[in-house]
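Derivation of every value follows stated rules applied to the coordinates shown; laboratory data play no part. Note that the structure is predicted; figures quoted are calculated from it, not measured. Quick reminder, even Gly has a Cβ in these numbers, built from the backbone with ideal geometry, and neighbours come from all protein chains shown.
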Amino acid sequence: MSLLTSIISWLNLKRISEIDLMRKYPYDVQEETFFKLINTAKHTEWGLKYNYESINSIEDFQSRIPLQDYEDIKPYVKRLRHGEVNLLWPGEIKWFAKSSGTTSDKSKFIPVSNESLSECHFQAGKDNIALIANRYPNTEIFKGKTLILGGSHQINNFSNDSYYGDLSAVLIQNLPFWAEFIRTPSLQTALMDKWDEKIDHLTKEAININVTTLAGVPSWMLILAKNILKVTGKSTLKEVWPNLELFSHGGVAFGPYKDEFDKLIGFKDMKYIEIYNASEGFFAIQDEENDESMLLMLDYGIFYEFIDMNDFYDENPKVITIKEVKTHINYALVISTNSGLWRYIIGDTIKFTSIFPHKIKVTGRIKHFINAFGEEIIIDNAEQAIVKACQKTKAVIREYTACPIYMKEESKGAHEWLFEFSSPPSNIEHFMEILDNKLKDLNSDYEAKRFKNLSLEFPKYHILKTGTFYKWLKQKDKLGGQHKIPRLANHRKYVEELLSL
């Protein structure tokens, strides 16, 4: 163990002990978080409206406060953007994380309080470092820098008192001083608006720096990695950065990208760590090397509730806490946070892979699924099926999306898949057979609909030219680390647009 790693491990010893206690006593930690949130917000406009001062239990809170989505809180967000204070959370909210929009708005603007920055997002960054040092005592990553590939929008003014941008831009703008010693690129490059120019500038800066860690969304990091290899003329990233050791990733499932990263990095002992962060908060960190699920971080100022997706569309769905969750059930995530989001449905779905410790994996989005025929395919199903098909056919996939083909009088329904491969399978029909059979294994509803082509015929497919998905995002002005390809849709809009290219 290096001296620097030893010092970091010693400094983080107390925090590792706290995380261990959180693993053992999740109910107590969440109850403490809950009452701290209620007590802190009791004199805000929201707290007075719902009489937070008289809330004595989680049950009181659940019976009194309705579930919320962005449309519900939007009037408060508009007022906050114009400088009003003490609305959802004490004091002023100066920062707003811009994320993908709703049906009626191009973008959502999620409030980010000072408490959320320090107690959630930046604490998560420190915890990731602590867990890495604890897990890999001989790591040398702290001798170099972390290349962070964030969003592609600068901080912009709503007014003289409030600002917005991609979450990564908000975080970079507010980073504590210590972070500047361990990160790259420069602030100017990190906050560039134009994605193509940003990639070029970032490449020029990064190739001369001792990068030991990569951090970002896999799909966009892949584009940067290939540009770096093109500019340097090297075959692998390990040739560019001999001390490269770790990739901390999030935003999209990593499985379909892993084989290509293994080839590009050229280092068989590369460490991959998944994190789960969003505009609304930082939620989970992969804490064990051989377990891809992530530890739900219960002491970041976020109180969690969960809705079984089988009940989600009921008029009054049952909402449970960490005390009642079970493994392998698809839950919609509901959060109350130290930025003033109250019983807020963020749109993600998760499953618990274990209890004590409470570990999760992200299974998809509430709106990103295919259920045109009762098959209820979620992103997690699709990712597992694609990984299996790639492994069996030695294919490497770059991007994909899928949608239904609706029934007509003369034909049955089907699913339609669009793929962009880095290394295509030698036999695409065989690839699709494996994908189809894996979906049947994973999803009994899909299997029933596919039985003897009863409702669903064998899936249709298209192999798109390299760069098609990139071109599609560019047309929509959605280039950059915060934007992701919609993997599944219960409509044909995305597929029709892509096919038109």
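Annotations
- For Phe283, the residues whose amide H sits under 5 Å from its own are Tyr276, Asn277, Ala278, ignoring neighbours fewer than 5 places away on the same chain, with H placed 1.01 Å from N.
- Across every pair of non-identical alpha carbons in the stretch 116-285, the mean reciprocal distance, once inverted, gives a Kirkwood radius of 16.5 Å.
- Segment Arg15-Asp445, extension gain: residue separation times 0.36 nm, minus the distance between their alpha carbons: 150.4 nm
- Rounded to the nearest whole angstrom, the semi-axes of the ellipsoid equivalent to the stretch 369-500, taken from the Cα gyration tensor as √(5λ), stand at 24, 18, 13, largest first.
- Modelled spin labels at Gln475 and Glu239, positioned 7 Å past Cα toward Cβ, are 3.6 nm from each other.
- Extension gain for Ile329-His491 works out to 55.8 nm (0.36 nm per residue, less the C-alpha to C-alpha distance).
- Taking a sphere under 14 Å around the Cβ of Leu442 and counting the other residues whose Cβ falls inside, with K and R at +1 and D and E at -1, yields a net charge of -1.
- Links that overshoot a 29 Å alpha carbon limit, given the list Lys361/Lys449; Lys74/Lys359; Lys318/Lys367; Lys194/Lys234; Lys145/Lys323; Lys323/Lys438: Lys74/Lys359; Lys145/Lys323; Lys323/Lys438
- Working note: Karplus 6.51/-1.76/1.60 with θ = phi - 60° gives the stretch 365-377 the couplings 10, 4, 9, 9, 7, 10, 8, 7, 9, x, 8, 6, 7 Hz, where Gly and Pro are set to x.
- Percent of C-alpha pairs per 5 Å bin, the stretch 195-244, short to long: 5, 21, 35, 30, 9, 1
- Less than 5 angstrom separates the built amide H of Phe247 from those of Leu214, Lys271, Tyr272, Ile273, all sequence-distant by 5 or more or on a different chain.
- Per-residue ³J(HN,Hα) for the stretch 327-334, Karplus 6.51 cos²θ - 1.76 cosθ + 1.60, θ = phi - 60°, Hz, x for Gly and Pro: 6, 6, 10, 7, 10, 7, 8, 10
- Residue exposure sequence - Arg15, Arg64 - by fewest surrounding Cβ within 10 Å: Arg64, Arg15
- Relative to the Cα centre, the charge distribution of the chain, modelled as +1 at Lys and Arg Cβ and -1 at Asp and Glu Cβ, gives a dipole magnitude of about 1240 debye.
- Sorting Ile377, Ile275 from the fewest to the most surrounding beta carbons within 10 angstrom yields Ile275, Ile377.
- The phi-based Karplus calculation (6.51 cos²θ - 1.76 cosθ + 1.60; θ = phi - 60°) puts the 3J(HN,Hα) values of the stretch 434-442 at 5, 4, 4, 5, 5, 4, 5, 5, 7 Hz, whole numbers, x for Gly and Pro.
- Neighbour counts of other Cβ atoms within 10 Å put Val29, Val170 in the fewest-to-most order Val29, Val170.
- Within the chain, helix-based [θ] at 222 nm, where runs of 4 or more DSSP H residues each add -39,500 (n - 2.57), nearest 500: -10500 deg cm²/dmol
- For Ile209 and Asn56, the FRET efficiency from 1/(1 + (r/R0)^6), where r spans their Cβ atoms and R0 equals 60 Å, is about 0.65.
- Taking all pairs of distinct alpha-carbon atoms in the chain, Kirkwood radius in angstrom: 24.0 Å
- About its Cα centre, the dipole of the stretch 116-285 is roughly 560 debye, where the only charges are +1 on Lys and Arg Cβ and -1 on Asp and Glu Cβ.
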